[in-house]
1. Would you list which lysines come within 22 Å of K3, measuring only between C-alpha atoms, while excluding same-chain residues fewer than 8 positions from it?
2. Farthest toward the dipole's positive end in the chain, which of M310, Q357, A160, given Cβ charges of +1 (Lys, Arg) and -1 (Asp, Glu) about the Cα centre?
3. Taking loop as defined by DSSP and a crowding limit of 14 other beta carbons within 10 Å, which trypsin sites (Lys or Arg not before Pro) in segment 66-142 fit?
4. Beta carbons within 10 angstrom, averaged per residue: use that to sort the peptides 128-136, 198-206, highest first.
5. For helix 60-70, report the angle its Cα long axis makes with the longest principal axis of the Cα atoms of the chain; keep it between 0 and 90° and round to the nearest 10°.
6. Please determine, in degrees from 0 to 90 and to the nearest 10, the orientation of helix 14-25 with respect to the longest principal axis defined by the Cα atoms of the chain, where the helix direction is its Cα long axis.
7. Roughly what % antiparallel, to the nearest 5, for the DSSP beta bridges in the chain?
8. Residues with beta-carbon under 13 Å from that of Q285, excluding Q285: net charge, scoring Lys, Arg +1 and Asp, Glu -1?
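The values are calculated or read from the model by the stated rules, or taken from the named source; none is laboratory data. Source: prediction; values computed, not measured. Here the Cβ positions follow ideal geometry from the backbone for every residue, glycine too, while neighbour counts run over all protein chains shown. To get the accessible areas, we keep the full protein, side chains included, count just its heavy atoms, and leave off ligands, DNA and RNA. Shrake-Rupley method; radii C 1.70, N 1.55, O 1.52, S 1.80 Å.
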Amino acid sequence: MTKNVDAIVVGGGIHGCSTALHLCLAGMKPMLIEKDYAGRHASGVNAGGVRQLARHIPEIPLSIRSMGIWEKVAELVDDDCSFESHGQVLVAENEEELAVCRARVAELNGLGFTHEELIDAAELRRLVPAVAETCPGGVVSRRDGAANPAQTTTAFRRKAERLGATVREGVAANNIRYRDGRWHVEVGSDTFAAPVLVNAAGAWAGKIAADLGEPVPVETVAPMLMITSRVPHFIDPVVILRGRKLSFKQFVNGTVLIGGGHLATPYQDRNETVLDWKSLATSAQTVFELFPVMRSATIVRAWAGIEAKMKDDIPVFGPSSRHQGLYHQFGFSLHGFQLGPGAGAVMAELIVNGGTQTRVSDLGIDRFHPSTLQNKRTS
Ligand SMILES: Cc1cc2nc3c(=O)[nH]c(=O)nc-3n(C[C@H](O)[C@H](O)[C@H](O)COP(=O)(O)OP(=O)(O)OC[C@H]3O[C@@H](n4cnc5c(N)ncnc54)[C@H](O)[C@@H]3O)c2cc1C
């Protein structure tokens with residue numbers, strides 16, 4: 001027998017959980033379906049970076065909206081998500097890189113965005129005292145920070161459930177089809193139907209979109225992270241390098257998380273990744289070169305997460321260009337954790353109100369093919 005619900009959200013990452021939660025806050029009773037468990041993939045194993053810094057311009061409004069929610073996240077989900085705000089700093093290693101930083105900040109200011117601030121060598125050294133003396137400056141986004149990804153995703157899932165969402169884990173959404181004005185989804189031996197379906201299936205979402213007639217240029221990637229043994233406290237903000245694939249953050253216990261975009265090989269059908277130890281060694285070497293304090297550290301653990309990366313590096317977000325009641329929320333291209341809280345709020349506005357004050361129109365799936373939907377909603 002088919003069970004009717006208000007909305008079906010496919011995928012229990014930060015995005016699906018946040019959207020389910022915000023739909024509940026708007027008075028709906030959604031169903032969240034997760035084939036493994038909430039936070040099993042990118043949302044639970046990422047670097048936890050809560051960053052407005054260095055974002056693509058089309059996603060900055062969503063990132064700013066999200067930042068406001070991060071700063072009050074405990075009020076929303078009854079859990080502080082271990083969110084802390086020590087800023088994020090982009091380090092220029094030479095004058096050429098600093099010139100690129102200067103131009104970027106000027107461009108953002110011209111567009112009315114003021115969250116990125118150009119800093120000189122003295123301010124860089126004040127924020128990151130251990131940085132190599134040859135670095136001439138960089139950019140800081142002072143409200144940025146970091147959170148615990150698994151704790152955050154679990155907190156959003158738990159609060160959604162407490163507010164009335166039904167959560168089904170360990171079973172995939174299958175055979176998704178539109179009939180008689182409703183989306184029908186098979187979940188194990190049950191079938192659920194709803195007027196609204198949100199495709200928040202992470203690296204698996206591109207296939208769902210393609211099966212529904214909306215293929216997009218998306219690939220599956222597996223960014224890697226590693227964590228070191230404890231070293232004396234030397235840094236508060238999260239640090240990103242302008243010219244190299246590197247980011248890192250020190251935890252209060254002294255361990256250092258090193259990432260930056262080097263990739264493992266994903267096997268998404270098996271939920272597995274195979275690490276590229278050579279690239280990991282390169283990342284570690286770079287940190288050790290720039291921060292002498294790190295030279296006594298050893299790498300104690302490394303892992304990777306499976307993620308959807310769009311060709312243009314910005315997510316697919318908003319209503320379908322073909323089907324009434326279908327919404328896409330995927331393709332976060334290695335930087336979707338920070339966007340999760342705001343994206344859920346905006347998605348709920350699109351679904352419930354048919355529009356939002358937050359500019360997300362540049363992120364729509366219709367950038368890949370023209371809309372064929374007669375009465376398409378706009379944002
Ligand atoms: C190593 C790493 C480091 C990163 N660091 C950062 C960072 O510091 N800051 C930042 O902002 N971002 C970061 N990211 C990116 C960020 O983690 C992702 O963009 C974000 O978590 C994507 O969330 P999601 O909900 O879209 O996807 P996911 O977390 O992948 O969730 C999608 C879920 O859908 C489920 N699913 C798929 N198909 C089905 C189906 N048919 N039925 C039911 N369930 C299904 C999957 O099992 C999965 O759990 C990082 C990513 C990785 C991998």
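1. K29, K35
2. A160
3. Values: sites: K72, R102, R104, R125, R126, R142; in loops: K72, R142.
Those satisfying the criteria are K72.
4. Numbers: 128-136: 15.3, 198-206: 27.7.
In decreasing order of mean packing, 128-136, 198-206 become 198-206, 128-136.
5. Long axis of 60-70 versus the principal axis of the chain: about 90 degrees.
6. 50
7. Values: 48 of 70 bridges.
Roughly 70 percent of the DSSP beta bridges within the chain come out antiparallel.
8. Values: positive: R244, K245, K278, R295; negative: E289.
Once positives and negatives cancel, what remains is +3.
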